[in-house]
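Structure record follows, encoded as structure tokens.
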Amino acid sequence: MTQTKTPAAPGDRKDLSGRPFRQLIDGQLVAGASEVPVVDPATEEIIAKAPVADRNQLEQAVAAAKSAFQTWRNVGHERRVEAIRKIADAVAARREEIARATTLEVGKPITAARMDVDLALLWARQVAEVSLEPEILQDDEQAYITMHRRPIGVVAAIIPWNFPFFQTVYKVIPAILTGNTVVVKPSPTTPLNAMILGEILQDVLPAGVVNIIGDNGHIGPLLAEHPDIGKVSFTGSTVAGRKVMASAAPTLKRVVLELGGNDAAIVLEDADVAKAARDIFTWAFMNSGQVCINIKRIFVHESIYDAFCDAFAGLADAAVVGHGLDETTQYGPVQNRRQYETALRCLEIAQRDGKVIAGGARQDGKGYFVRPTVVRDIPDTSDLVREETFGPIRPIMKYSSIDDVVRRVNDTDYGLGGSVWGRDIDLAAKVAARIDSGTTWVNSHFALSPGVPFGGRKQSGLGTEFGLDGIHEYTDRHVINVSRA
Ligand code: NAD
């Protein structure tokens, strides 16, 4: 039986409309030059007004970051670590407020929004522990050669709308740990959590070290091309990522691009069907299918195909969809109208190209709700398989041999993540090694960690986030070569 609840929010929903949201520019909380309405995607009602910067405020934010860099780069590691620990403590103290704002603007269940804050805390605290000692490359009678990591300067952090608080924190923390200063630009549809972070940072950091400015769609390109910005850390679509890279070229900015994905799960012949279906369902539909590393294509061996499809459709039918502030909700709406319209187009493609075995129908009433939808017997040539579906609609394809499935899985321009599911772990790991992705999991998916590098191959991105490699992305190498000859 399917459960989609009425999209009415619990009574205390309006707690955001009475309070101001401000940008953080040069240590001051300031109103925008204009405002953008923030919409609850579950009700389509305006829940708050968020500030939007104009060109002048953007220039002030970049100038403040540029000026603060001259001090922050020299304050020393211990003081930066101390600041990061204070930020983490202050975020922890406001966990519920941040989670509720995230639920209201993103649409995700409150349990998931709390997890976003907890992940941000885990990342912040673990990154603060990383030591950044210089590396000794040569120490003999010829020379003493050391390699140091120097901050780049002003970093622009451009954030999407799916995990906005976590994404902001996991960019800001390694940037400031390594001595950079930052201008953060949230997505126009999910700015509130970033403005709350601005209030926290104002109390902890010297003026200008982190600046947070609001956007209604025009700020991203201005940051990407700004000559005083040294690096752009971008998470978003592959289309926008290409534009960021082009904008960065004239001043040779460093760029890290975390872009789209079309992750595949391969279910091997010996898999435990019920368990694989359950776990794959979790990672396929997490955040209503709006995660770069959601499982978006599912390939199942022909001998278990029917059983897997039936189990998967049963899980979709049982999913509880509703307003995120309801603690029992498992799946919220998709985040914005543009995504909703894309998802509706995907439903039409699903009906046209395959056999829909769960969900599939447009929901009546307010809110951008799309029930988890499962499609079987669909060819690899369908757009639902070839394109990244950033919404809760998932195709299941049949395969007969490992060589066949590896070829089909790799036949994509994306290369973000992937997973292989089976009881014979050695075999699954061998298949995993043949997948062209930045990360391939065996019997799991999405398992990210602050200590493990994450990034895309092919057109899923450039550069790395997380792990020591991810921290090093916020630095330039500086070799000091002392001759002893
Ligand atoms: P988007 O690319 O439209 O927007 C992302 C951010 O970039 C927003 O803040 C937006 O304002 C800004 N932006 C847009 N065009 C820009 C430009 N030309 N220059 C500078 N900034 C620009 O993407 P979205 O709709 O917010 O998110 C959905 C997409 O992002 C999906 O394709 C998804 O796979 C991808 N994504 C990837 C990751 C990852 O880690 N790889 C994480 C989340 C989302």
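The values are calculated or read from the model by the stated rules, or taken from the named source; none is laboratory data. Predicted model only: the values in this text are computed from it and were never measured. Neighbour counts run over all protein chains shown; Cβ positions are idealised from the backbone, glycine included. With ligands, DNA and RNA removed, areas are computed over all heavy atoms of the protein, side chains included. Shrake-Rupley method; radii C 1.70, N 1.55, O 1.52, S 1.80 Å.
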Worksheet item: How large is ³J(HN,Hα), in whole Hz, for each residue of the range 298-303 in order, when computed from phi with the Karplus curve 6.51 cos²θ - 1.76 cosθ + 1.60 and θ = phi - 60°, using x for Gly and Pro?
Response: 10, 10, 10, 4, 4, 5
Response to the item:
If every Lys and Arg gets +1 and every Asp and Glu gets -1 at its Cβ, then about the Cα centre the range 263-449 yields a dipole, in debye to the nearest 20, of 480 debye
Discussion item. Just want to confirm a number: the relative contact order over the range 263-449, from Cα pairs under 8 angstrom separated by 6+ residues, in percent.
Written reply: 27 percent
Worksheet item: Relative to the longest principal Cα axis of the chain, at what angle does helix 273-289 sit, 0 to 90 degrees, rounded to 10?
Response: 50 degrees
Discussion item. So if I average 1/r over every pair of distinct C-alpha atoms in the chain and take the inverse, what Kirkwood radius in Å does that give?
Written reply: 23.3 Å
Practice prompt. Taking the dipole about the Cα centre of the chain, with the C-beta of Lys and Arg at +1 and of Asp and Glu at -1, give me whichever of Leu177, Ala264, Gly32 is farthest to the positive side.
Written response: Gly32
Fill in: Accessible surface, per residue, of the chain when the full set of protein chains is kept, probe 1.4 Å, Å²
39 Å²
Fill in: Charge dipole of the chain about the Cα centre (unit charges at C-beta), most positive-ward option of His472, Gly153, Thr238
Gly153
Fill in: For the range 395-471 and the range 118-191, distance of Cα centres in Å
25 Å
Worksheet item: Relative contact order (percent) for the range 394-440, with alpha-carbon contacts under 8 angstrom and 6 or more residues of separation?
Response: 40 percent
Item to complete: With both partners inside the range 263-449, how many of the DSSP beta bridges are antiparallel, as a percent to the nearest 5?
Response: 15 percent
Item to complete: Pairs of Cα atoms under 8 Å, at least six residues apart: use those to get the relative contact order of the chain, whole percent.
Response: 19 percent
Worksheet, complete the sentence: Using alpha carbon centers only, the range 52-87 is separated from the range 14-33 by a whole-angstrom value of 18 Å
Worksheet item: Once you charge only the Cβ atoms, +1 for Lys and Arg and -1 for Asp and Glu, what is the size of the charge dipole of the chain about its Cα centre, to the nearest 20 debye?
Response: 820 debye
Item to complete: Arrange the peptides 92-98, 233-239, 211-217, 451-457 so that the one whose residues have, on average, the most other Cβ atoms within 10 Å appears first.
Response: 211-217, 233-239, 451-457, 92-98
Discussion item. Among DSSP bridges having both ends in the chain, what percentage is antiparallel? Round to the nearest 5.
Written reply: 45 percent
Worksheet item: Once every DSSP H run of n ≥ 4 in the chain is given -39500 (n - 2.57) and the sum is divided by its residues, what mean residue ellipticity at 222 nm do you get, rounded to the nearest 500 deg cm²/dmol?
Response: -12000 deg cm²/dmol
Discussion item. Quick check: the distance between the Cα centres of the range 198-259 and the range 324-368, to the nearest angstrom?
Written reply: 31 Å
Discussion item. Tell me the angle of helix 238-248 to the major Cα principal axis of the chain, expressed in degrees between 0 and 90 and rounded to the nearest ten.
Written reply: 20 degrees
Worksheet item: Which ³J(HN,Hα) values, rounded to whole Hz and listed in residue order, are derived for the range 444-461 from phi using the Karplus coefficients 6.51, -1.76 and 1.60 in 6.51 cos²θ - 1.76 cosθ + 1.60 with θ = phi - 60°, glycine and proline given as x?
Response: 7, 7, 6, 6, 9, 8, x, x, 10, x, 9, x, x, 9, 6, 8, 8, x
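Suppose the chain between Leu122 and Lys366 were pulled fully straight at 0.36 nm per residue; how much longer would it get relative to their current alpha carbon spacing?
Details: separation 244, 0.36 × 244 = 87.84 nm, distance 3.59 nm.
In short, 84.2 nm is gained.
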Item to complete: Compute the acute angle (0 to 90°) between the alpha-carbon long axis of helix 305-318 and the principal axis of greatest extent of the alpha-carbon atoms of the chain; round to the nearest 10°.
Response: 70 degrees
